Structures are given as structure tokens and as C-alpha cells.
1. If you bin the C-alpha pair distances of the range D:322-383 every 10 Å from 0, what whole percents do you get?
2. What does the structure give for C:308-315 when I average, per residue, the other chain Cβ atoms found within 10 Å of the residue Cβ?
3. How much length, in nm to one decimal, is gained on full extension between A:Ala8 and A:Ala118, taken as 0.36 nm per residue of separation minus their Cα-Cα distance?
4. Compute the Rg to Rh ratio over the range C:225-383 from the alpha carbon atoms, using the Kirkwood formula for Rh, and round to two decimal places.
5. So what is the 222 nm mean residue ellipticity for chain D from helices alone, if each DSSP H run of at least 4 adds -39500 (n - 2.57) and you divide by all residues, rounding to the nearest 500 deg cm²/dmol?
6. In chain D, which residue puts its Cβ closest to the axis that turns chain D onto chain A, and how many whole Å away is it?
7. Scan the range B:213-307 for GluC sites (Glu not before Pro) in coil per DSSP, keeping those whose Cβ has at most 13 other Cβ atoms within 10 Å, and list them by number.
8. Is the protein assembly as shown best put as rounded, prolate or oblate by its Cα gyration tensor, with a ≥ b ≥ c the root eigenvalues, rounded for a/c under 1.5, and otherwise prolate when a/b is larger than b/c, oblate when not?
Number of protein chains: 4
Amino acid sequence: MNTPMLHAPIRLGMVGGGSGAFIGAVHRIAARLDGEFQLVAGALSSTPEKARASAQALGIARSYDDFAAMARAEARRRDGIEAVAIVTPNHMHAEPAITFLKRGIHVICDKPLTATLAEARKLAKVAGRSDALFILTHNYTGYPMVRQARAMVAAGDLGALRLVQVEYAQEWLTEAAEKHGSKQAEWRTDPARSGAGGATGDIGTHAYNLACFVSGLTPEALAADLSSFVPGRALDDNAHVLLRFAGGARGMLWASQVAPGNENGLRLRLYGEKGGLEWAQEDPNRLWFTPFGEPRRLVTRNGAGAGPEAARVSRIPPGHPEGYLEAFANIYAEAARAIRARRTGEAPPAGTIYPTLADGLAGMRFVEACVRSSQRNAAWVTL
Amino acid sequence: MNTPMLHAPIRLGMVGGGSGAFIGAVHRIAARLDGEFQLVAGALSSTPEKARASAQALGIARSYDDFAAMARAEARRRDGIEAVAIVTPNHMHAEPAITFLKRGIHVICDKPLTATLAEARKLAKVAGRSDALFILTHNYTGYPMVRQARAMVAAGDLGALRLVQVEYAQEWLTEAAEKHGSKQAEWRTDPARSGAGGATGDIGTHAYNLACFVSGLTPEALAADLSSFVPGRALDDNAHVLLRFAGGARGMLWASQVAPGNENGLRLRLYGEKGGLEWAQEDPNRLWFTPFGEPRRLVTRNGAGAGPEAARVSRIPPGHPEGYLEAFANIYAEAARAIRARRTGEAPPAGTIYPTLADGLAGMRFVEACVRSSQRNAAWVTL
Amino acid sequence: MNTPMLHAPIRLGMVGGGSGAFIGAVHRIAARLDGEFQLVAGALSSTPEKARASAQALGIARSYDDFAAMARAEARRRDGIEAVAIVTPNHMHAEPAITFLKRGIHVICDKPLTATLAEARKLAKVAGRSDALFILTHNYTGYPMVRQARAMVAAGDLGALRLVQVEYAQEWLTEAAEKHGSKQAEWRTDPARSGAGGATGDIGTHAYNLACFVSGLTPEALAADLSSFVPGRALDDNAHVLLRFAGGARGMLWASQVAPGNENGLRLRLYGEKGGLEWAQEDPNRLWFTPFGEPRRLVTRNGAGAGPEAARVSRIPPGHPEGYLEAFANIYAEAARAIRARRTGEAPPAGTIYPTLADGLAGMRFVEACVRSSQRNAAWVTL
Amino acid sequence: MNTPMLHAPIRLGMVGGGSGAFIGAVHRIAARLDGEFQLVAGALSSTPEKARASAQALGIARSYDDFAAMARAEARRRDGIEAVAIVTPNHMHAEPAITFLKRGIHVICDKPLTATLAEARKLAKVAGRSDALFILTHNYTGYPMVRQARAMVAAGDLGALRLVQVEYAQEWLTEAAEKHGSKQAEWRTDPARSGAGGATGDIGTHAYNLACFVSGLTPEALAADLSSFVPGRALDDNAHVLLRFAGGARGMLWASQVAPGNENGLRLRLYGEKGGLEWAQEDPNRLWFTPFGEPRRLVTRNGAGAGPEAARVSRIPPGHPEGYLEAFANIYAEAARAIRARRTGEAPPAGTIYPTLADGLAGMRFVEACVRSSQRNAAWVTL
């Protein structure tokens, strides 16, 4: 790779994310929000015409017919991309990721890591040998109050943790949307494209990642009862999971896509010997903190009681809500800090955190364990 | 028993509930609130002096040294008690209940039914042979919006049910209150007085009963992971339970007494093919109802959208909150309807509902199954 | 009056409150809830037949055709009533209140005090010469967290107060219910029965009383803009009021009966140099307290942060909601403490607080001032 | 001006917004979020050195020592700026706005319009003669659910409006922050820089604009009671305002910067003959809608019940919160649509809405009327 100016935006490519895709647009906004990236190349669709049309509509300078061509060509350019965002369905993560990592191009990849654990392990090997960074967009870890919660747990504000209650409830697959034209529903309920987990992979991995990120705990075993409530659905649309962590904490994880009244109900509750914390994605600027024996406190982003870990990934004063896109952008901002540090060979600034391949592997092991446990009638499976 | 005037208050006795007891005072207010009962006799404590002092302080006409004496004497009086409230710790439910039932005196008994399943079965046999009624104060079924929810499920507003998520979270046993003078904590953490279930018996039975009452579903099996987080505690203070119901619905039940920030967080969420419902005890006058594909609706007690099942157990207009005591009083009001009907041999008014011995037995089976499952590493146990 | 036993229930009579009346039933429950009163006599309706039928249905021993007859007869009995609850429409408060006070019988009277300020002043004179007590049921002052708020303000937790924002929003008169058979709406929109204030008198007085009770401030002047939005309505159904208090604090009061989406939205917010407080009647067990520069705290009834002023008017643990009836019953419980003290000539227990004739007069002056100000185009009127 | 490519980003300049300024950073993110603008020139500070340093830090290509120089130079360039964002304190709005408008450069200006009504009128004259657009960033009108509310009112969902209750409550000026180093506080409490209104100008204008935008009503008169609670503060820090609208609707507006516990509590409630609406900035993705006589409904951004007016200014699915920056970016997105249309002389796409100079003038008249009314002891002042 060629040496860019220190303060110039990071040149970014994108694989997937052509017109009609939801998550591609989110990545583009996230990349743009802080001005740290410039999207200059894309292989936006496996259909070349659609790829070109999408690139033109988005004002992307260089359009490629496929990701391999993009990797080759960009690696050769003096002004080639420094990083690539991979926003394809799950089964199309590993191959492009491996390709770009081998070329030394940093990868920012949507979750879950891959469709299968085997792919994930293969990718992990390549990543381990590459100098390029791998950033997984477990975007909920970018919320300032999630950072705040993590910092409070780490500081011992809750004492030793006992309980981890996490849930991610949605309603959108209550009916068979995959049979009525929803492309989002189609690939997410298709084992060939999503892998072995349905709700488990799509949102269960988010819940699992969030719980681990904030609690700092290491899961040891789980027991999972997966269901496919909608007739004809090949993958689970509901997951009931019991968790056991190293050190004795226990937990429950509920992921559902058939819970009417829930849009994106990701919610985490942690309880320890000294206190409790509660956070919900649909009201993300607030964190409930209860020191045992004292009144519940509402800690707000950048408000009284919030600390530097939240402030460093926050842009505006308290009471002005930040949301999903800002949190997603924080993953990109952290990635930018790490990538800029790589330009000069320095360490990223203190406090730089982003989800890595290890998190992705953990998520894949979680999905695989859920499926295996459920097949064994919810027997305990070690993680 | 002697024949009372039709409209005269029902003469009530009480076993337990001497000074310092929490639940005895609740029963007395509940009995008094609608003017349907008059508390005229009591064996308020196993310590005769305390029994007498408590009776005098409460203005109860006839005080007895023990419940057996009360049963004998009252059964002989023309103006003897028609019903008795049993508000002792769990291990002291069965014996008095049996004694009064044998005398033909109706029993209103606090939950859980007994301390052991064996006692429960013995009690059930006696009750089955008695003409007297047995009412169990699973008080949360008395909330108007719980009745509303039950009616909506029964009317098919949610379609076939898929998911039952229920929880009862408290914080008060986060530390070892039983070692520091809390009488409430002492007996609730003592297997000799509470039975085999800690949180499971004390609040898990409430959550379980509520879920069954509203959903109308029959549980078939459960898998439970019980914990005693506080060192030295003999009974569980946290229960993580997976549920499977006849017909295919599945559920999660969480009961905890070590969750700081939760006072009496009993919360039920039901999801079906056509919609969802959510209710929380700490905000009991509201019920969230989402017909799938429409905006969430907030149905309020006596407000638009609420029906006769709620209205018949409600006293005041919408927006004026009714609470725990009114819900508890509704159990007494329903009991009064049934008892008055017995005076004349008629059927109680349509819609009269109260928790019975069958509910109590189900609760005991639930506790027993939780303990058994947990001992087998959360294996499935049929109910 | 005759001398009753010290611990016997207080013998109570009732004027108004026959079948169909809302507030009469509330008073009866409130009187009964703590077992401090026994309702033994009534002149429940101005229609003698209805009065008799209502008394019989309610099991009230002695029914009278009119309140004057009741006052005469009861005053002569050894076991005559010690107190009377007056629950008639506003224009029928003064005459019976005067009659009973002259007989030395304590009066518990619904609000607002009277229909006119002239009546109120006449009543005040009689009350001033009577040994009997006068208790006005400004029931919201009975909520534990309202007591808590008052105590915190008095203790200086907010510093010197600057702002008083109070509102009472309802929806029930959005349409002309008074023309379609609602008896509650009929008299409340009838100047002959309600007096000069509509929403102002019915709920504005509650808001005003609550604001003064909690803040401890003395209003000096107000400017009011009253509206009658529903065509043909003779009294105001919406009141916008600016307030100025002695010492420089200022406020806003909004009372409305035409605000769809609001059931009984009574809400008080107080802000001072050091902090803020917020309380809402529809969620009455919680009080938001913000010490300036610290996180908001949720103080709960009987929970951490709540003090003895709330605990003394509370019956059950935190997290079990108490509501409107309990708060109303607290007014009766306070009245009972004061009446029992009168039996022996002692002072009531420390902390006994109830709304008095002075509060009633203040309310009437508030209504009169609102009407006068509004007639002068919202000019300032001194209070 | 020179002719740009149709799809190329709009070249933007900025006046003010150097390092340390809050609102400048917000404008930059808003401009960048949808990729419609490219910030290429700036006069970021009145201190040339600071201007240069800020421009360099932000990667802005062309830095100018003052806005007049920027206007001159950019107007001459083929690739000069097409629009300028003015983000200085209030007293520095009019002069640059006039300068750029005269050069035919579109102006995107922060609110309130100016410091004085006289300046505002002068600016209005110039704008009236210019072909360039003037967009005022009353950013709250960019929230999707604010658009939704406006559309519902316009569609008659509430019937004829009766009541407008609006408030904007903050806490940050509870103490004299302006004396302790807060630059934000300094200029906002300085009449020379802010004009005659303190809270009135800074946040009262937002509340007023929001109320007018959503209700579609024309205010006719107001009565205002302004206060400066913090000793030594020259401008109001609290405003209590009564409103009267053409057609008979009435309202209350409360703006405060001394209300502890409130961060950015902008809240609008509208009530009409047929229903009510409630919206709060701190929970912006939800809109409460109550058709009179039906349950309250929670309409969510992009969820069931929300329409195209919200969807067109929204980026992500329901349940993923959008916030302040997205709403602000919507003003820029609307501006971009209008500016692009100007490039070709076409009309902007249907539904394009942004706050204009007329809104700014209305805001200035509001501030002036508040001050005048308050000086006359809250007498009514026509608008």
C-alpha cells in the first residue's frame, strides 16, 4: 500500500450495499459522519450492471464488477483504498475478507462474522497472518452509554457480577415476510446465505456480544431452546438461552423476531453484589444505575454521572439524543483511529476499542453452540 | 354453620398476622376495603400473649391461643366465623387449612399453598371432600388489567400464542438480610418454614401463576437453573427457567431477589401469531397491546379499549391509579361473591374468578420441578 | 356530643353519595380502608326514596330524608355520629357543613369548598366559632410522595424555589357530555351547582392546592385566560394561568378538561436554586429528584431516599403500587387522628396534616381571581 | 455563480464555528451526513490565526480572515462556494447573511435570525431582492415525527385545534455559568451578542417555531412574564407566555434555562376537537396520538401508523433511534434539494420544507413581543 497524507480521509471501498440494501447505506453514513473516510471504490453488487448503476448513483469514483478485481486493482494504485467495508449477506463475508486482508487492506465487516464456523476459522487464520486490521461492526458497542456501562462494571461499581439478563426482541418476522417479497427476510431465513442461525445469528449474536462487552465476563456454557414458529421457516425465529459464566455469574438471553410490539428491543440488565445497571437500545442516551440501597439514578450521555469513556464517543450535549447511526459511526471512528495509527506505525490512542475477529469467532461459536444445544434438547454445551 | 343474613358482612377469622407481619395487614385491608368482611376472631400468633395483644390492638372481638381452639369454638357459635384467612409462613398453611375445611369454614390462604408438595396433596384431598371453599391469594390475578389481558387472549386478540416471557425481579435479598434481623428474610430463606423453593416459591410461583392465568396455556415441561448467590443462603435467590407449553408455545421465567434496582418487578409479555401484550405490576393500570402491523396501543383501566372483565374488578375512573391493595381486595371481593352464593346454594355471579387449590397445587409442582430440574443440571422435567 | 370509647371506630354520617354518585363511593372506601370509621347514618339523596334505597343497599343503619333531620337526630343520640362526610355538588356544601358544625359534629367535606366565595366566607365564620373540625378532601395531598416532596422542599433540598409548574389535564369533556346524559358532566358544567369555575373549580383548585401544599409558597397574584371550547358550555373547560408568589417565585398552572389523551394528568414540577422535583398523579409512587449537577434520582415510596413523612401515610413495601384510594384514605386517616385527639382533648400526633377550611378559602379565592382576571383580559389580580 | 455538475456535492463555506464552538461542529456533521455538501471554505473565527488553525484542523481547503473576503473571493471562483453556513452568535448573523445573499450565495443560517428586530427586517429586505435561498436551521422541524405530527394535524386527525402546550426546559444556566468560564453561557446571556431575549431567544424561539410549524396556526397575541432568576444576569432565563391564535386556539409556552433535571426538554402537546398529539425531543422517534374515545397510540418513525412525510426524512428502520444530528441533517438535506433545483431552475421535489426568513422574522417578532409584554407587566401584545 501507498503512503497517504496523515490527515487525509481514509480511502474506503465497499463490497455489497447496492441499491435496496439496508445495511450498506448505514455503513456509508457511518463512514461519512465524522469525515474520516472517503468512499472511492465499490463492488456493490454481484450483478455488474447493478453494481455500476449503484456506484454512479452514489457518486463512487471507481466501480468494479467483482470484489476480487477491486482488490487487485486497488492494491496496485497509489491512491488505492486503504480499507474496505464488507456489507454482503453472511455467506459472502469470508471470501472477500480473506482477499482484502491478503492484499494488506483493512477490513470493516458486518456481523455475524460468517455463515459457518468453518469459514470463520479459516478467516481467522488469514487475519492472524495479515498486517491489516479486521473490524467487525457490532455496532451496539459504539453507543456512548454502553461504553459508560462497561466502564462502570470494570470500575467495580456493581461489585462482582451475578446476573446477566439480555434480550433482543423484534416483530418483523411474525409473519412469513420471506414469502411475500421482503429481500431482507429472504436471505436472513435462508440457511445457505445466513448459516445455521436465524434470529440466533442475526440478532442473538448482537445480544451476546453486548452482554460480553459490557460485563467483561467469559461465558463457559449455554443451554438453548430454539424455535421456528412460522410454518415453513428453515431457521430459528426465536431463541431462549441459559448462560453460565466463568466465576459463577449466570444469565438469560432471549432473541426473537416474532414478538409483536418490539421493533429493535435490545436490552441489557446486569446485577452484581453492589448494584445494578439497565440499558435499552431504543432509549440509548440513558443508563439506569442503582447502587444497592440507594435510589435509582438516571445517568445520561454527557450528563452528570457520565464519564470520559462515554464522552469520547459522543458529539453533542446531553438531552440532544444521539442514535443508531452515531453509534455505528463510532465503530468507524474507532477504526479510523486504529488505521491512522497504522499509517505511522504508532499505537492507537488510549481507549480505542472496536470489535475484532475474536468477537466474531465468539459469536460464531455462540450460534453453533445454540444450534447444537437445541438439537440435544437444550443440553448444556461448553463454549 | 349457621345461616347469616344475606347482606350482612361475612364473618372472618384470621390465623397468623400478629403485629409486625406484613401480609396479615394486607389481608385485613383487602378484607375491609369493600365492606364485605368483618374480622371478628383471630389466632394471630403462636405466642398466646402476642396473639391477645395483637387482637386487642386491632379491635378483634375474639382472640384464641391457637387455631385449633378457634376452629372448634367458632364452629359452635351461631355467629361464628364463616371464613378464615391463613397468613402464616408456608409451613403453617396446611394444618390450619385442613382443620377449618373439616369444620366447613371457608379458607382464604396465602401463597404458596404449602411448604411441601406432600402437604399440598394432603390438603387437596381434604378440600376435595369439604363443602367449604378454598381461595388462594395469588393476588396479582386481581389486577383489572390482568383480567383484561386474560380476556383479550381468550378472545383471540393475539391469535395462537407462541411466547410467554415472565419475570419477577426484586432486590431486597441482595445482601444477607436474614442474618441482620429481617424477620421477613429469615423465614423466606429457611427451608423448614418456606419449603424447597426460595425465590422460586416466594415470587416464582406468582410469576408462574400469572403467566398461566393470562395465557390460559398448560405447561408441560420446564428446565431450571437455580442459584443461591448470597453466601450461606440455603435456598435459591435466583431462578432461570425455560418453559414449554402444550400446543407448542414456549417461555422464559426469571425470578430473582438479588437484582438491585428492582422492587417488585413482576412483568408479563405474551406474543402470538396476531399480536402482543405487555403488563407490569409497578405500572398496573396500563396494558400495552400491539395488533401486529398496527401502532402499539395503551389500554387503560376503565379507559377506551378496556372491557367488562376489567371494569367489574375496578372502582374508580381511568387515570386515578388503583394498586396492589385494590387488586388484593379483588380476590376478597370474588371470594365474597362465591361465599355469599354458598349461603343460598346458588352459583356465584358470572365472571367470578379466584385462584383455587388447583392453582396452589400447580405452584407446588412448579417449585418441586424447578428444584428437581436444577439438581439435574437443568434437565427437562415434565409438569 | 356523647363520649365514645377511645379505640372504637369513629361513627360517621354521609350527606349525598347515593347510588350513581362517583365521589360518595370513594369517600366510603377511604373511610373504611383503615378501619377507623364506621358509616352509620346517611342523608344520601335529596330524593327521600332514593336516599332510603341507597342506605339499605349500602347497609347503613340510619337513613334520613334530609341532612337537617340527620343533624338534629344524631346530635341527640348517645351513639350519634361524631363526623359527617359531605359529598354533594359544590352548591350543597355550605349549608350542611354549617348545620353540622353548629351541632359540634366534625365535617369532612369534598372540594371545592363551596360554589361561591360568599358562601365560603359564611362557612368560615361558623367554623371559626365551632369546636368541631373541618377537613377538606384535597385528596392529592394524601399521596406519600407528595408528602415526601413537601418535606424535601421544606428541608431545603431544592434551595430557594424559583418555578412552580403545575397542570391538571383531562379529556372527558372534549365533547358535550353534559348534553348526552352524563350526570357528572351536567352538574360540573352548571354554574348553579358548580359556581363560577368549571375546570378551574373542579380540577384547577386541586392543582393550585397541590402546588401550594408542596412548595409552601404564598401566591400573591395571578393572570388567567379561561376558555369554554365546547359550544354552549357555560363554564370554562380550560384555564391558562400565570402565577406570582411572595419571594419572587413564578409559576404556570394549566387545567383542562378538553385534552384528549389525558385521563387525570395532575403533574407538579418545582425548580429551585439547588435542584428540581417532579411528580405525576398517574405514576404516584415515584418522585424524580435532581440535585443540580447530579444525575436524576428516582425516589420511591418506602424505597431508598424516601423519608418518614411518606412512610407514615404508606401501608405496603416499595414496588407495590399504592394509588388514589389509599391517598384519599390518608386524608381520612389524618382526620381520624385529629378526631380521636379531640375525644380526649389532646393534640393530634406530630405530623398530622390535613387540608382545612383555610385551604378551601384559598381555593375559592383562586377560582374567583381566575374568573375576574379572565374577564379583564388576563390582567393581574392579587390573591 | 458558476454552474456545477448536477450530482456533485454542493460546495459549502462556513462563517464562525472555529474550535470550541458547539453549533459549528453540528452544522458540519449535518452537512456531511448525507454526502450532499462539501465544506471547502471558511472564515471560522474573527481572530485570523484561530480561523486558519481551525480550518487546517478540519481539513478545509480555503481559509479566510473574514467573511467579507470570503464572499468576494469565492464569488469570483469557478469552483467557489454555492452556499454558506453562518454559525456565529446572533449579533453576527445579519451582516454576513446580507453579504452572501448579495453575491447570490445561498445562506444557511443558525437561529435566532438576528440579535434585533431591526437587523432582521433589514436582512429580510435584502433576501427579498436576492435570487439566493435563505434557510434558517430551526432544526427541530427536521425530526421525522415532527413532520408526521404536522401532516396529521393538516389531515384533520385532531379536528379543529384548541390547545397548544409547548415547553423547552433546560437546566444549564441554573447557576451563573457565564461568570465561571462557559463561553456558551457568556454570549447567550450578553444582550450585545444575543439581543433582547435570553431563554426567550435561545430556546423560546425554537418552541415557538415548533408550535407554529406543527399546528399550522397563526399566533395573534401573547402575554409574557419574563424572569432573570440568577442574580446579575442581564437577560431572561425563564419565560412564561400565554398565546392566542387566529381561529380561537390558545396556548402556553414555557422556556427555561434554570430547571434542574431538564437537559433539552422540548415538548409539544396539541389538542383538538377530535384528538391529541404529544411529542418530546428527548424521545424523538415516538409520537403519542389519541383519537378521542380510543386508546392512546404510539406511532413510531417508519413504524405502523407513520406516513410518507416522516419516511422521506428518515434513514433507518423503526426501533433504531434517530436523533438530533439526523434531524439537523434533514434541514441540510432539504436545503440541498432546494439548492439543486435552483441549479437547473426547476422546483424542488414535492414535500421539500425548510424554515425560511419568514420563520426567522416571526421568531424575532416573538422575542420582541415577549420583552415588550413583560415590560408592561405581561399585558397582551399583538404579533
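1. P(r) for the range D:322-383, in whole percents per bin: 20, 29, 24, 20, 8, 0.
2. Shielding by partners across C:308-315 averages 1.
3. 35.8 nm
4. Across the range C:225-383, the Cα-based Rg/Rh ratio is 1.01.
5. That calculation yields -10500 deg cm²/dmol at 222 nm.
6. Nearest-to-axis residue on chain D, with distance in whole Å, is D:Gly323, 2.
7. none
8. oblate
Every number here is computed from the coordinates shown, using simple stated rules; none is lab data. This is a predicted model, so every value here is computed, not measured. Backbone-built Cβ (ideal geometry, glycine too); neighbour counts: all protein chains shown.
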